Amino acid sequence: QAAGASSIAFDSEEHMFAAAGVVPRILVYNYQQVAVSPSPQAAGAGGQAAGAGGAPPVGPATELHTRAKLTSLSYHRGNKQLLLAGDYDGTASLWDTSAQRLVREYEAHSKRIWSLDCCPAAGSAHNFITGSDDGTVKLWSCRDEGCVTSLDVRANVCCVAYNPWDCNQVAVGSAAHSMLVYDLRATRTPLATFTGHRKAVSYVRFLSSSEVVSASTDSTLRLWSTQAGPEGGSPG
């Protein structure tokens with residue numbers, strides 16, 4: 001990835017990974033080939049790698065060209081060839097990396113998509129969520145074009161993540177310095193709201209069925225218990 005990368009995602013078997021960023025393209029690599037290739041520090045004159053017959057570092061197995069700069073990637077958990085990408089125009093696109101073709105586009109949001117995540121549950125692997133600067137999180141299906149449900153977060157959404165132990169739950173990080181946990185079956189209000197960061201929450205991830213870690217542009221990490229209560233939870 002010659003230009004700055006904004007997202008990297010591994011497939012379900014961790015054989016392939018995709019990278020994307022400010023250049024409108026997706027580069028898909030074979031992890032094993034990259035892992036055994038010479039490092040840049042081992043490169044000789046003219047950018048050629050030392051040893052191994054002077055072979056250069058391995059390039060991408062696949063290159064997919066997109067219509068806009070990309071912010072996020074997530075592999076389909078049930079089909080390792082399918083990859084979802086979110087872009088600056090608010091569009092989510094579904095790609096078949098093996099056939100090297102665009103399967104479907106979702107006109108998902110009115111502003112930039114910052115984050116998307118595919119459902120890790122086998123029975124619901126066709127579902128995915130998107131979060132955007134337009135202040136909403138939306139649930140989609142790879143089988144249909146329309147939005148399944150929408151959450152009004154009322155702040156720029158910076159990151160979204162499924163709970164792998166309960167795919168009815170999602171965590172949402174926002175520019176309002178808070179992290180929220182929602183039940184996708186009842187989206188009017190969040191199950192819990194966690195405050196404490198001093199700036200935008202830029203990353204969230206479930207570490208267990210009831211623990212979530214959050215990262216913020218205030219340069220801190222916080223660990224939260226979703227069992228702490230609905231409002232103003234404290235980090236663990």
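The values are calculated or read from the model by the stated rules, or taken from the named source; none is laboratory data. For clarity, every value in this text was computed on a predicted model and none was experimentally measured. Don't worry about glycine lacking a Cβ; one is built from the backbone with ideal geometry, like all the others, and counts go over all protein chains shown. What goes into the accessible areas is simple: the full protein's heavy atoms, side chains included, and nothing from ligands, DNA or RNA. Shrake-Rupley method; radii C 1.70, N 1.55, O 1.52, S 1.80 Å.
If you take the residues in the stretch 1-45 that are open to solvent by less than 80 Å² (accessible area, probe 1.4 Å) and part of a helix (DSSP H, G or I), which one is modelled with the lowest pLDDT? Restricting to residues being open to solvent by less than 80 Å² (accessible area, probe 1.4 Å) and part of a helix (DSSP H, G or I), the top hit is Ala42. Restricting attention to the stretch 143-182, the residues that are open to solvent by less than 60 Å² (accessible area, probe 1.4 Å) and outside any loop (DSSP other than H, G, I, E, B) total 24. If you filter the stretch 48-66 down to residues that are aliphatic (A, V, I, L, M) and at pLDDT 55 or above, you find that the one that is nearest to the chain's Cα centre (by Cα) is Leu64.
Counting only strands (runs of 3 or more DSSP E) that sit completely within the stretch 49-141, those holding 2 or more residues that are under 18 Å from Pro24 (Cβ atoms) and either open to solvent by 50 Å² or more (accessible area, probe 1.4 Å) or out of contact with any strand residue (DSSP E or B) (no Cβ under 7 Å at 6 or more places or on another chain) (or both) correspond to 62-65, 101-107.
Would a scan of the stretch 146-155 turn up a residue that is of a type in the set (Lys, Arg) and within 21 Å of Thr71 (Cβ to Cβ)? I'd like the intermediate steps shown before the answer.
Filtering the stretch 146-155 for residues of a type in the set (Lys, Arg) gives 154.
Next cut, within 21 Å of Thr71 (Cβ to Cβ) only: 154.
The answer is yes, given that some residue of the stretch 146-155 is of a type in the set (Lys, Arg) and within 21 Å of Thr71 (Cβ to Cβ).
In the list Arg205, Arg188, which residue meets the criterion of being open to solvent by 20 Å² or more (accessible area, probe 1.4 Å), modelled with pLDDT under 95 and of a type in the set (Lys, Arg)?
None of the others qualify; the one that does is Arg188.
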